[in-house]
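Only one structure is covered here, and it is reproduced in the block below.
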Amino acid sequence: MNSTSAHAGGSQAPAPARPAYMNPYLAGIGLGLVLLAAFVVMGRGLGATGAFSSIIAWVVNGVAPAHAQANEYLAGYLGDGSSSPLKSWLLFEVVGLFAGAMFSALVARRVRWGIERGPRVTAAPRLLMAFSGGLLMAVGAAFARGCTSGQALTGGALLNLGSWAFMLMVFAGGYALAYFMRWQWR
């Protein structure tokens with residue numbers, strides 16, 4: 001009989017320990033190798049914003065083709081019309097990202113339903129804050145002409161000054177806002 005069940009007065013088994021997260025240095029090396037492979041195999045880096053732009057261009061072209069083709073931004077994703085914007089490399093990258101994340105979570109036995117939140121906030125405000133943060137990141141990605149993966153990983157690896165400035169501002173904004181949001185995690 002273990003000490004936990006003796007003190008509890010029953011035969012309850014201790015909760016199973018959650019698997020440890022991957023070493024962040026090894027994960028960083030792995031991400032760098034994926035970025036290198038993307039350059040070697042596909043001739044371009046990583047990014048996700050273009051995948052969503054391809055989907056938007058496809059939807060708008062399906063609903064209002066004249067508008068989509070007259071819009072310079074959307075027309076760039078539609079091309080000459082000989083192939084669908086849904087055949088974009090970035091779209092397949094994002095689908096692979098979701099599939100790989102699900103596979104990783106299943107292997108690590110980390111798949112569960114829930115809302116990550118601190119003890120001082122309920123689910124509704126937490127979801128509102130998460131949605132608002134995602135919306136701000138989407139607007140920022142549109143202004144910056146790329147998401148964090150396209151700007152920070154690909155642009156940073158190419159030593160683009162604008163990409164380095166973008167990433168510094170992402171970190172500065174995150175640290176500045178963290179002070180005002182930490183109440184919910186205490």
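The values are calculated or read from the model by the stated rules, or taken from the named source; none is laboratory data. Model, not experiment: these values are computed from the prediction. Note: ideal-geometry Cβ built from the backbone for every residue, glycine included; neighbour counts use all protein chains shown. When the accessible area is computed, the model is the full protein with side chains, heavy atoms only, and any ligands, DNA or RNA have been set aside. Shrake-Rupley method; radii C 1.70, N 1.55, O 1.52, S 1.80 Å.
Sparsely packed loop sites in the stretch 40-140 (the trypsin sites (Lys or Arg not before Pro) outside DSSP H, G, I, E and B with at most 15 other Cβ atoms within 10 Å) comprise 44, 109, 110, 112, 120.
Rolling a 1.4 Å probe over the protein heavy atoms of the stretch 62-129, with every protein chain left in place, gives an accessible area that is 65 percent carbon and sulfur. Working from label points 7 Å from Cα in the Cα-to-Cβ sense, the residue 23 to residue 180 distance is 3.9 nm.
Simple rule: put +1 on each Lys or Arg Cβ and -1 on each Asp or Glu Cβ in the chain, find the dipole, and look at 157, 103, 22; the Cα lying farthest toward the positive end is 22. Think of each Lys and Arg Cβ as +1 and each Asp and Glu Cβ as -1; about the Cα centre, that makes the dipole of the chain roughly 760 debye. Put the Cα centre of the stretch 26-58 next to the Cα centre of the stretch 104-171 and the gap is 16 Å.
May I ask for the longest run of the chain untouched by chymotrypsin sites (Phe, Trp or Tyr not before Pro) that are loop-located per DSSP and have at most 13 neighbouring C-beta atoms (other than their own) within 10 Å? My reading of the result: 22-112 is the longest stretch.
Against the main long axis of the alpha-carbon atoms of the chain, helix 123-144 sits at an angle near 30°. One entry in (i) 201; (ii) 336; (iii) 119 is volume of the Cα convex hull per residue in Å³ calculated from the shown coordinates; its label is (i).
Length gained on full extension, residue 136 to residue 169, computed as 0.36 nm times the residue gap minus the Cα-Cα distance: 10.5 nm.
When the stretch 88-140 is described by a simple charge dipole with +1 on each Lys and Arg Cβ and -1 on each Asp and Glu Cβ, the residue from 121, 92, 133 located farthest towards its positive end is 121. Between residue 103 and residue 36, residue separation times 0.36 nm minus the direct Cα-Cα distance comes to 21.9 nm.
Axis angle, to the nearest 10 degrees, between helix 161-181 and the longest C-alpha principal axis of the chain: 40 degrees.
For residue 129, what is the net charge nearby, where nearby means another residue's Cβ is under 13 Å from its Cβ and Lys, Arg count +1, Asp, Glu -1? List each step's numbers first, then the result.
Numbers: positive: 117, 120, 126, 182; negative: 116.
The answer is +3.
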